[in-house]
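Have a look at the structure below, then the notes.
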Amino acid sequence: MKTLDVYNHFGIPQNLREHMLRVTRVGILISDQWKETIDRDLIIKAGLVHDLANIVKFKLEPGSSLEAKQKEMIAKYGSNDHDATAKMLHELGVDEKLIEIVQGKSFGNAIEVAVSTNWPLKILFYSDMRVVPTGVVDLETRLNDVVTRLEKYRNDPNKDKLIESAREVEKQIQEKTAMDLSKINVKLVAEGMEQLLGFEI
């Protein structure tokens, strides 16, 4: 099934589609200049579906056009976005390796990601850490966004360790790719984004 078909099948809203496409493009820029062998297809597929169920945790305005879709998704997949995404991916019949990295890529797992030897996981985690709702930013801007916008991280006793681990992942990736991570920007990420809708998941 192509990406666009997956998004249409689950009724993924436009802003969430754009987020997943941007994250995927960051992953492509990094993996295309990887100094060793890397499973590029796994990184692309994971990027394209990593937040499929995020609508279940959206804080919607009363009367939002997404309200009915959110209720439908919660009724079918539950209100936990991580569990719901896993259920959706199992429904699609994707590879378990893909589900594993999608499940492990959240900021709350930064400490585990930093010590992991799973490079597709590290790349997906980092790519997601370079994208905010409005576009592509540097890591420090995104870290600030995470700890100010998301209450669960603002009050997390491990917050400083999570931030340091995310910075460590950036250093690890920079050593393995010829892509200058500081050069990843909105313009580069936008190139070829629409073509990803035709990618086979």
- Task: Being without any contact (Cβ under 8 Å) to a residue 60 or more places away in the chain and of a type in the set (S, T, N, Q) is the filter here, so list the residues in the stretch 1-53 that pass it.
- Result: 8, 14, 37
- Query: If you check every pair at least six apart or on different chains, which have Cβ atoms under 8 Å apart with a residue in the stretch 135-159 that is in contact (Cβ under 8 Å) with a residue 60 or more places away in the chain and among the polar types (S, T, N, Q) first and a residue that is assigned to a helix (DSSP H, G or I) and surrounded by 13 or more Cβ atoms within 10 Å (Cβ to Cβ) second?
  - Reply: none
- Message: Can you find a residue that is buried (at least 17 other Cβ atoms within 10 Å of the Cβ), in a strand (DSSP E or B) and of a type in the set (Val, Ile, Thr) anywhere in the stretch 157-180?
- Response: yes
- Counting only residues that are in contact with a helix residue (DSSP H, G or I) (Cβ under 6 Å, 6 or more places away or on another chain), closer than 20 Å to residue 43 by Cα and assigned to a helix (DSSP H, G or I), how many does the stretch 112-156 have? 12
- Message: Suppose we keep only residues that are farther than 17 Å from residue 16 by Cα and touching a Phe, Trp or Tyr at 6+ places or on another chain (Cβ under 9 Å) within the stretch 117-141. Which one would you say is surrounded by the most Cβ atoms within 10 Å (Cβ to Cβ)?
- Response: 123
- Can you name every residue in the stretch 58-85 that is modelled with pLDDT under 90 and in contact with a Ser or Thr (Cβ under 9 Å, 6 or more places away or on another chain)? 58
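Does residue 175 count as at pLDDT 95 or above, out of contact with any helix residue (DSSP H, G or I) (no Cβ under 7 Å at 6 or more places or on another chain) and under 19 Å from residue 6 (Cα atoms)?
No.
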- Task: Tell me which residues, restricted to the stretch 109-156, are within 17 Å of residue 82 (Cα to Cα) and at pLDDT 95 or above.
- Result: 109, 110, 112, 113, 121, 124, 125, 128, 129
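Based on what the data block shows, is residue 201 modelled with pLDDT of 95 or more and of a type outside the set (Asp, Glu)? Step through it out loud before you land on a result.
Details: modelled with pLDDT of 95 or more: no; of a type outside the set (Asp, Glu): yes.
The answer is no for residue 201.
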- Item | Entirely in the stretch 1-71, the helices (runs of 4 or more DSSP H) that have 2 or more residues that are touching a His at 6+ places or on another chain (Cβ under 9 Å) and crowded, with 23+ Cβ neighbours inside 10 Å | 14-31
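The values are calculated or read from the model by the stated rules, or taken from the named source; none is laboratory data. Just so it is clear, the structure is predicted and the values come from calculations on it, not from any experiment. Backbone-built Cβ (ideal geometry, glycine too); neighbour counts: all protein chains shown.
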